[in-house]
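Trainee: After the structure tokens below, expect a handful of questions from me.
FYI, it's all coordinate maths here, none of it is from the lab. None of the values given here were measured: they were computed from a predicted structure. So basically every Cβ, Gly included, is an ideal-geometry build from the backbone, and we count neighbours across all protein chains shown.
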Amino acid sequence: MAENFLDKIIAVKKKEVEEARVRLPKERIVKMLESVSVDGSIEGHSNTKRNFTAAINIPGRISLIAEIKKASPSKGVIREDFDPVAIAKQYQAAGAAALSVLTDEQFFKGRTSFTGKVKDAVKIPILRKDFIIDEYQIYHSALIEADCILLIAEILDEKTIENFLLTAAMLNIEVLIESNTPDALKKAVASGAKLIGINNRDLNSFEVDIKTTEKLIKNIPQDRVIISESGIRNNQGIKYLKSLGVDAVLIGEIFMRAPDIGAKVKEVMNL
């Protein structure tokens, strides 16, 4: 994996956003959101907001945000037999508190259409996981029914994070801000965001170290909800993270590689 992965993906995202603006201008999205019918539907979907924070912040337990991911830049295709709706149902049945849905197409083989389809199939909240660099993507996240979005502190400055949080709040979307370094974590914490993620994967080198959570967690105030992401492969890892004070974990690859997703969830989470 090239060292300049983030630079490459940001360049691609900028192009994607410009193309999307032509296909579907923000003004059109705003009108579509304003025309939501009385029963809360957009284009046949149920757009009822689900509380992501409440779903994963359960005192005394560590909650699972289960990820729906077909591929990754470092591993290629992870799951050939990929049906996001069927996977979502298995995750929910196995006890997942929320779902993370990859919507990036070029690098993770996701689709923005996955969020609405998955949301229609389950009752738990949905995190849109993508590389959000422009306000347009937040408006589009509302349109595709995301309950929460991911912001990556490494690729955004303080002012942009502040503006994105305001936009998300206006659109009734929760925000999870993730970090992999002390400097990025400072930005995330200073923003006031309730949901703070620690990504154990360095997005430049793609190296994974679960102890990143241990190194960074002491710098997060007690009033935040802490999510550890990446590199969690077994129940030993879950117990270790729980001992550190982590509230939830985001896990994808180990489940996506399992023949029986539900059984693997129960094994890892000890449900």
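Trainee: When a footprinting reagent is the concern and you count Cβ atoms within 10 Å, what order do TYR240, TYR91, TYR139 take, fewest first?
Mentor: Numbers: TYR240 17, TYR91 26, TYR139 22.
The fewest-first ordering by Cβ neighbours comes to TYR240, TYR139, TYR91.
Trainee: Sticking with this structure for a sec: Where Rh is the Kirkwood radius over the Cα pairs of the range 115-166, the temperature 4 °C and the viscosity 1.567 mPa s, what D in µm²/s does Stokes-Einstein return? If you can, show how the numbers build up before the last one.
Mentor: Numbers: Rh = 11.7 Å.
Diffusion coefficient, whole number: 111 µm²/s.
Trainee: Taking springs between alpha-carbon atoms closer than 10 angstrom, which of ASP83, ASP223, ASP202 fluctuates most in the Gaussian network model of the chain?
Mentor: Most flexible of the set in this elastic network: ASP223.
Trainee: Follow-up. In whole Hz, what ³J(HN,Hα) sequence does the range 8-13 give by Karplus (6.51, -1.76, 1.60; θ = phi - 60°), x for Gly and Pro?
Mentor: 5, 5, 5, 4, 5, 5
Trainee: Suppose only helical runs count, i.e. DSSP H with n ≥ 4. What mean residue ellipticity at 222 nm does that imply for the chain under -39500 (n - 2.57) per run, divided by all residues and rounded to the nearest 500 deg cm²/dmol?
Mentor: Values: 12 runs with 114 residues, N = 271.
One gets -12000 deg cm²/dmol as the mean residue ellipticity at 222 nm.
Trainee: Let me ask another. For the range 125-258, just the Cα set please: Rg and Dmax, both in angstrom.
Mentor: 14.4, 41
Trainee: Further question: Looking at the calculated P(r) for the range 77-185, what percent of the C-alpha pair distances fall above 16 Å? The partial results should precede the final answer.
Mentor: On the way: 3468 of 5886 pairs.
Value for the range 77-185: 59 percent of Cα pairs lie more than 16 Å apart.
Trainee: Tell me the relative contact order for the range 5-269 as a rounded percent, counting alpha carbon contacts under 8 Å between residues six or more apart.
Mentor: Details: 481 pairs, mean separation 51.9, N = 265.
Taking the mean separation of contacting Cα pairs over the length of the range 5-269, I get 20 percent.
Trainee: Right, next: Which links in LYS49/LYS215; LYS26/LYS129; LYS14/LYS186 stretch past 32 Å when you go from one Cα to the other?
Mentor: Cα-Cα > 32 Å for LYS49/LYS215; rest within.
Trainee: Kirkwood hydrodynamic radius (Cα pairs, Å) of the chain?
Mentor: Value: 18.7 Å, from the Cα pair sum.
Trainee: Counting other beta carbons within 10 Å of each Cβ, put VAL118, VAL208, VAL22 in order, fewest first. Please list the in-between numbers first.
Mentor: Values: VAL118 22, VAL208 16, VAL22 7.
Placing the least packed residue first, the sequence is VAL22, VAL208, VAL118.
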